[in-house]
There are 2 protein chains.
Amino acid sequence: MHKKLFIPGPVEVSQDVLEKMAMPMIGHRSKEASELQRRISDNLRKLFYTKNEILLSTSSGTGLMEGAVRCGTLKRAAIFSVGAFGDRWYSIAESNNVPADKFEFPMGEAVDPKVVDDVLKTGKYDLITVTHNETSTGVMNPIEEIAQVVKKYPDVIFCVDTVSSAAGVKIEVDKLGIDICITSSQKCLALPPGLSICTFSEKARERAEKVKFRGTYLDLLALYKYIKKKDYQYPTTPSLSHMFALDYQLDKILNQEGLENRFKKHIEMAEIVRNWADKYFEVFADRNHLSNTLTTVKNTRGISVADLNKELGKRGFTISNGYGSLKEKTFRIAHMGDCTVNDVKELLQNINEILNLK
Amino acid sequence: MHKKLFIPGPVEVSQDVLEKMAMPMIGHRSKEASELQRRISDNLRKLFYTKNEILLSTSSGTGLMEGAVRCGTLKRAAIFSVGAFGDRWYSIAESNNVPADKFEFPMGEAVDPKVVDDVLKTGKYDLITVTHNETSTGVMNPIEEIAQVVKKYPDVIFCVDTVSSAAGVKIEVDKLGIDICITSSQKCLALPPGLSICTFSEKARERAEKVKFRGTYLDLLALYKYIKKKDYQYPTTPSLSHMFALDYQLDKILNQEGLENRFKKHIEMAEIVRNWADKYFEVFADRNHLSNTLTTVKNTRGISVADLNKELGKRGFTISNGYGSLKEKTFRIAHMGDCTVNDVKELLQNINEILNLK
């Protein structure tokens, strides 16, 4: 039996979108491929509220995070981490011999913009990374406030991981001054995993020009130059199947559902799950910075999360156990992508039945 | 109208395989995902005639080439190039600050194993790269003879790009002593682009342990360690759609078609195209090292290749123009993957009609 996914990626993909993954191949050096990829970039610019160029990469979000850190750092990177995906930025820098320092906040708390200011004030850093939505803890960082701080430092490249929020939460890239804003296909865009996406500012491009060893496959500048020269074609053979599906899905989101409606739906789903968690358990993260796409629930009842998931599986649902050290101490319900308010209600109803919650 | 692809990737994908790309998502941390990925690795070991571990990467072949050069070189890499894809190995090394030298052979000629011996004899190199099948020129390098040479140098990591040959041509990885043998989905495996594959020897693993900065996303050692620890699950979210299709296709190739039959079919298709080229044009590459998966045809009649392709398009076919500087001077017909002898005959018949060849 297929299990409906309420995990923070891959998420459930609608049947009509899945079918686009099965479209026959086209040449990746054809006019058709150029048109497809140009249309995708144009539509993604609307989704990110940006005039910047869009880069696609056949990789997971981690791939573009690596590209960003490698291509954007000349001096030193400041990594602000509130959990596992913040830590990933740091290990990426380390593994590439990119000088970096990590500034951590306690599990469940958000990045403090004042700390960002103090760090950048030192003048030691020329790139910062922030995880917008940390799926290990269910925290959504105050990106507007952080952006206000970063704007004071024009030499700093501002990289934001919006892997689990873009297309579910409004992220106005140009207004926020984000230089490299990264997402991937299998979260709020509700596509299968395998494609990642970023915005790429003029400032990021200028910085990359100065970095000598940017690698090949994840070199954002090489992607940028190639699409500019070859009418939105990519230097290596991209996942055309994902592009067919993304093209279709962007049209659906922008022209049928409407971006604002999609954002509103995500808030509604989040509120339903939070209210449920408040009633029967506790919300794990700082209440002022709760994620709109995923809720981490504190296991105050000491249930076996593994057993709950087993029972849910029999009914055709899956949720996530806590991440890493939070396993069994928390569990996570993702409410993102094409998931609906009714889907969420149905899931919670089933949890209530299994746990005999009234 | 859909155009049947006779280009060196993406190739035509069978309808039943395409449909597997549309399978519903599963959790990438599920038992189901482990089983899927373990089964794929087991079957790929048969295809590569190896006991070595198999690594999958959601990237193009270039991604794993970068991983190989970065993870495998401590001293200096010797890059043997017979065309565009050989040159790519070199630019990958350069862009990662990996010391490397390139040894080039004239367009249309193969790597001379004696030169390989002379180069390795210097003791300067601890990694070599060879392109098995060079799709820019239609040369297939004498991998057995090169392997005999490389075996004399036990400290050298032997990397082979079999992107456009594996699954169409027999490559016995263990017998040849290849440490890292790379392919990707969109060539002889006849899947959509978006997934790449490599074998990873114990020797390659030991070498990678000694290399400090291997990056993150394309770090072969990290992939290896993760699948070992987590029962064939991958560190980042992989393209599950490609894995569904690959799993299905491997079963078809190994258990329905049979590997030997597939290799034989590729030889038959190559012979048909070569005979046709001999009759009406000329084969571009050295006759002793012709590719079994792609034929580069010398445009001895001075036709407009672009016009030919336009006319072919109207009839539902596409071939490739020459690569780079060989554009219009040559054209390329790929005969790989699930393409059949009849498909090839049908294509040539249509070219004959368009060009009025008798």
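The values are calculated or read from the model by the stated rules, or taken from the named source; none is laboratory data. Everything quoted here is computed from the prediction, not taken from an experiment. We place every Cβ from the backbone using ideal geometry, glycine too, and count neighbours over all the protein chains shown.
Quick look at the values:
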item	result
In segment B:213-227, residue surrounded by the fewest Cβ atoms within 10 Å (Cβ to Cβ) [restricted to those that are more than 9 Å from every other protein chain (Cβ to nearest Cβ) and in contact (Cβ under 8 Å) with a residue 40 or more places away in the chain]	B:TYR224
Exclusive hit being more than 18 Å from A:THR237 (Cα to Cα), surrounded by fewer than 19 Cβ atoms within 10 Å (Cβ to Cβ) and free of Cβ contacts under 8 Å to residues at least 12 places away in the same chain, set A:GLU32, A:GLU19	A:GLU19
Breaking point among (1) in contact with a Phe, Trp or Tyr (Cβ under 6 Å, 6 or more places away or on another chain); (2) within 30 Å of A:PRO24 (Cα to Cα); (3) within 14 Å of another protein chain (Cβ to nearest Cβ), for B:THR129	(2)
Members of segment A:179-212 that are free of Cβ contacts under 8 Å to residues at least 60 places away in the same chain and not in a helix (DSSP H, G or I)	A:LYS212
Residues that are among the small types (Gly, Ala, Ser) and either crowded, with 19+ Cβ neighbours inside 10 Å or over 22 Å from A:VAL13 (Cα atoms) (or both), drawn from segment A:304-337	A:SER304, A:ALA306, A:SER320, A:GLY322, A:GLY324, A:SER325, A:ALA334, A:GLY337
Check on B:GLU144, in the same structural domain as B:ALA78 (by TED's automatic domain parsing), in a helix (DSSP H, G or I), touching a Lys or Arg at 6+ places or on another chain (Cβ under 9 Å) and without any contact (Cβ under 8 Å) to a residue 60 or more places away in the chain	yes
Residue satisfying all of: in segment B:72-112; away from chain A (no Cβ under 14 Å) and among the acidic types (Asp, Glu); nearest to B:PHE213 (Cα to Cα) among these	B:ASP101
Odd one out for B:SER291, checked against (1) outside the structural domain of B:GLY86 (by TED's automatic domain parsing); (2) in contact with a Lys or Arg (Cβ under 9 Å, 6 or more places away or on another chain)	(2)
Counted residues, segment B:1-11 - those being facing chain A (nearest Cβ under 7 Å) and touching a helix residue (DSSP H, G or I) at 6+ places or on another chain (Cβ under 8 Å)	1
In segment B:232-253, the residues that are farther than 20 Å from A:GLU12 by Cα and more than 9 Å from chain A (Cβ to nearest Cβ)	B:TYR232, B:LEU246, B:ASP247, B:TYR248, B:GLN249, B:LEU250, B:ASP251, B:LYS252, B:ILE253
Options B:LEU64, B:LEU47, B:LEU74: the member that is touching a Cys at 6+ places or on another chain (Cβ under 6 Å), at pLDDT 95 or above and in the same structural domain as B:GLU134 (by TED's automatic domain parsing)	B:LEU64
Set A:VAL163, A:VAL173: member being within 13 Å of chain B (Cβ to nearest Cβ), of a type outside the set (Phe, Trp, Tyr) and under 30 Å from A:GLY138 (Cβ atoms)	A:VAL163
Filter pass, B:ILE157 being in contact with an Asp or Glu (Cβ under 6 Å, 6 or more places away or on another chain), buried (at least 24 other Cβ atoms within 10 Å of the Cβ) and in contact (Cβ under 8 Å) with a residue 24 or more places away in the chain	yes
Residues of segment A:237-286 classified as of a type in the set (D, E, K, R), within 19 Å of A:ILE143 (Cβ to Cβ) and touching a helix residue (DSSP H, G or I) at 6+ places or on another chain (Cβ under 9 Å), total	1
Of the criteria (1) in contact with a helix residue (DSSP H, G or I) (Cβ under 6 Å, 6 or more places away or on another chain); (2) over 24 Å from A:PRO238 (Cβ atoms); (3) in contact (Cβ under 8 Å) with a residue 60 or more places away in the chain; (4) not acidic (Asp, Glu), which one B:ALA77 fails	(3)
Those residues of segment B:17-40 which are facing chain A (nearest Cβ under 7 Å), farther than 14 Å from A:MET1 by Cα and touching an Asp or Glu at 6+ places or on another chain (Cβ under 7 Å), in sequence order	B:ALA22
